[in-house]
1. Can you spot a residue in the stretch 148-156 that is part of a loop (DSSP other than H, G, I, E, B), in contact with a Ser or Thr (Cβ under 9 Å, 6 or more places away or on another chain) and either within 25 Å of S112 (Cα to Cα) or not small (G, A, S) (or both)?
2. Among the residues in the stretch 65-78, are any under 30 Å from I272 (Cβ atoms) and of a type outside the set (K, R)?
3. Inside the stretch 52-74, can you point out the residues that are surrounded by fewer than 16 Cβ atoms within 10 Å (Cβ to Cβ) and either under 13 Å from R135 (Cα atoms) or β-branched (V, I, T) (or both)?
4. Checking the conditions here, which among R17, R93, R97 is of a type in the set (D, E, K, R), closer than 23 Å to V194 by Cα and under 22 Å from the mean Cα position of the chain (by Cα)?
5. Please go through the stretch 202-220 and give me each residue that is of a type outside the set (G, A, S) and not in a strand (DSSP E or B), ordered by number.
6. Only one of A75, A126, A161, A134 is closer than 29 Å to T8 by Cβ and either in contact with a Phe, Trp or Tyr (Cβ under 8 Å, 6 or more places away or on another chain) or touching a residue at least 12 places away in the same chain (Cβ under 8 Å) (or both); which?
7. Limited to the stretch 75-92, what total is found for residues that are touching a strand residue (DSSP E or B) at 6+ places or on another chain (Cβ under 7 Å) and open to solvent by 60 Å² or more (accessible area, probe 1.4 Å)?
Amino acid sequence: MDYRLPATVVPSRYDIRLEPDLEAATFAGEETIAITVTEPVTEIVLNAAELSIQSARVATADGMTVEGSATLDEAAERARLLFPSPIPAGEHRLTLRFTGILNDRLHGFYRSTYKDTAGASHVIAATQFEATDARRGFPCWDEPALKAVFGVTLVVPERLAAISNTRVMSETPTGAGKKTVVFADSIRMSTYLVAFVVGELEATPPVMVGPTPLRVWCVPGKLHLTRFALEIGAFSLDYFERYYGMPYPGDKLDMLAIPDFAAGAMENLGAITYRETALLVDETAASHTERERVADVVAHEVAHMWFGDLVTMLWWNGIWLNEAFATFMELLAVDAWKPEWNRWTTFGVSRAAAMGVDGLVNTRPIEFEVRAPRDCEAMFDLLTYEKGGSVLRMLEQYLSGDVFSGRPSATPPACPSPR
C-alpha cells in the first residue's frame with residue numbers, strides 16, 4: 001500500500017469552524033480549504049478517521065461550484081471525494097461539512113475528565129494529533145510536509161475557555177448560552193501541531209517575554225502550582241530566542257495542564273499541552289527529581305517551537321532528529337538556568353539507559369525507514385531521545401558550541417587525517 005497521499009491536490013490554508021458538545025461527546029465542523037490542483041481530477045483524496053462527511057463542494061477559480069460525494073475508507077483512514085466533472089488545474093476552495101466523536105482514547109479530539117475538590121465531575125475537550133490523529137479532528141492532508149496556514153473558530157458554551165494555537169481575535173455571544181471564539185491565523189505548519197482545548201480552565205496573568213505573552217492554564221484550584229513552570233518557561237523562551245537568533249514564531253505561548261494526557265507533553269505551536277505532573281509543581285513538597293523533570297519537559301517543548309514546529313521533518317523517519325534535538329536543547333537551557341544541578345552530568349544516567357537498550361540484539365538505528373505513518377510511534381523511545389541527544393551533544397562538543405550553533409565567529413576544528 002502507498003501510504004503517501006496523491007500529490008495532485010495539496011492544501012495551503014484551512015479555515016476550520018468546530019462546535020464541540022462536551023456532554024454528548026460529539027462535535028460538528030465545517031472547513032474551507034484553499035487547494036492547489038496540479039492536473040484535472042475527478043477525485044480528491046485526503047485523510048479522515050472516525051468522521052462523517054455530510055457534504056463536499058469545490059468553488060473553482062472561475063466561479064463555478066462543483067458538488068461532490070464522500071466515501072470513507074476506515075482501514076486506510078482516508079476520504080475519497082468524487083466529483084461528476086473534472087476539477088481543473090488551478091487554485092480552488094474545497095468546503096466540507098462533517099461530524100465526529102470526542103473519543104476517550106486520549107488521541108485525536110478527545111474527552112479529558114476530572115473531579116473537583118467537591119467530587120463533581122467535569123469534562124475538557126482536548127487534542128493530541130501527533131503523529132497521525134489530526135484526521136480525527138478534521139479532514140486534512142495529514143502528512144508533516146504538507147504545511148498550511150490554519151484559521152480556527154470554536155463555538156463553545158459561554159462559561160468555558162477556548163484555546164488554540166494563536167491569540168483570540170474576537171469572542172462574540174451567539175445566543176443559547178454559547179459564544180464564537182475566532183483565533184488569529186497560524187504560521188504555515190503541519191497538521192499534527194494544530195490544537196484545540198475547551199473546558200473550565202483558569203490562566204495565570206501573562207508573563208511578557210519580549211513581545212510574547214506566556215501563560216499557564218490549569219483546572220480551577222491549581223493556579224498556586226504554576227509558578228515554577230512559568231519561571232522555566234520564561235527563561236527557556238528567552239534563551240532559545242537568543243540561541244537560535246530568531247524570534248519566537250508564534251504570537252503567544254500557552255502551556256496547558258490536561259488531567260488526562262497520554263504523553264508527557266505535546267509541542268503544539270503556541271498551545272503546548274502537558275500531563276499535569278509534567279507542568280504543575282507543589283514547591284513546598286516537590287523533590288529535586290520532580291523539579292528537574294518539569295524543567296526538562298518545559299524546556300524540551302519550548303525548544304520545539306523552532307525545531308519541529310517552524311522547521312519540520314518531511315516525513316516521519318526524521319522524527320528522531322526532531323526529538324533528539326529538543327532533548328539536547330532542553331539540557332542546554334536547564335543547565336544554563338540551574339548550573340548547580342549539573343544537568344549534563346546527571347544526563348549520563350539517561351544516556352547509559354539508552355546504551356543498554358542499544359546493546360540488545362534487536363536494537364535499531366536512530367533513523368530508520370518509516371513506510372506506514374503509524375510505524376513512527378515505535379520511535380518515541382530511549383534511542384530517539386537519549387541516544388539521539390547524546391549524538392548531538394558529541395557533535396557539539398567536537399565542533400564547539402559556537403560552531404554547532406551557527407555563530408559565525410568560530411572556526412570548526414580540523415578533521416583528523418585518515419589513516
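The values are calculated or read from the model by the stated rules, or taken from the named source; none is laboratory data. This structure is a prediction, so every number in the text was calculated from the model and none was measured. FYI the Cβ positions are ideal-geometry reconstructions off the backbone, even for glycines, and counts take in every protein chain you see. These area figures cover heavy atoms from the full protein model, side chains too; ligands, DNA and RNA do not enter into them. Shrake-Rupley method; radii C 1.70, N 1.55, O 1.52, S 1.80 Å.
1. The answer is no; no qualifying residue exists.
2. yes
3. The answer is S52, T60, T65, T71, D73, E74.
4. Working: R93 fails: under 22 Å from the mean Cα position of the chain (by Cα); R97 fails: under 22 Å from the mean Cα position of the chain (by Cα).
Unique residue meeting the criteria: R17.
5. The answer is T204, P205, P206, P211, V219, P220.
6. Sole residue among the options that is closer than 29 Å to T8 by Cβ and either in contact with a Phe, Trp or Tyr (Cβ under 8 Å, 6 or more places away or on another chain) or touching a residue at least 12 places away in the same chain (Cβ under 8 Å) (or both): A134.
7. Residues in the stretch 75-92 being touching a strand residue (DSSP E or B) at 6+ places or on another chain (Cβ under 7 Å) and open to solvent by 60 Å² or more (accessible area, probe 1.4 Å): 4 in total.
Quick grid of which residues meet (1) within 21 Å of the chain's Cα centre (by Cα); (2) assigned to a loop (DSSP other than H, G, I, E, B):
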position: A162; (1), (2): yes, no
position: N165; (1), (2): yes, yes
position: E171; (1), (2): no, no
position: T174; (1), (2): no, no
position: V182; (1), (2): yes, no
position: V198; (1), (2): yes, no
